[in-house]
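Enquirer: The structure is given below, and queries will be raised subsequently.
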Amino acid sequence: MPRLVKHPRRVIAALALCSVGAMATMATADQSLGPVRCEIRATPDGGMVLLEALAHTDRNVSGTYSFHVESAGRTGGTNIEQGGAFSAAPGRPATLGIVTLDAKGGVFDAKLEVTVGGNSISCAERLGGAT
């Protein structure tokens, strides 16, 4: 099933950066559950990359989340698991978890699962490569 892209400029910018061997400045998942949408945002910062697990909503909600990040690089790997309860309100994304990793030559697999009212959605992103 095709995905609609709401922010084509972000996709074009990410593709351009990947083509020159840099990490994408932003990776956006487009998964939603009723009033909730999940997102994994990647932002390079020097030789590091900041991964943020976000929930967007159009009404007040409460639920739980699980944010899992695995990485593999020249100097080893990382396996990080964050999770817990959250509340979110419309108007700005709720930050559920944050991970900062060494971006040099690493590959990152991130998965976010959000559960609201007994229903779950998930977002996944794969990022990385040598710069």
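Readers should treat all values here as calculations from the given coordinates under stated rules, not as data from a laboratory. Keep in mind it's a predicted model, so treat the numbers as computed, not measured. Reconstructed Cβ throughout: ideal geometry from the backbone, glycine too, with neighbour counts over all protein chains shown.
Enquirer: Within segment 47-77, what residues put their amide N at less than 15 Å from the label point 7 Å along the Cα-to-Cβ vector of Ile98?
Expert: 48-55
Enquirer: Another question, then. Which far-off residues, 5 or more places away or on another chain, put their amide H under 5 Å from the one on Lys104, with H placed in the peptide plane?
Expert: none
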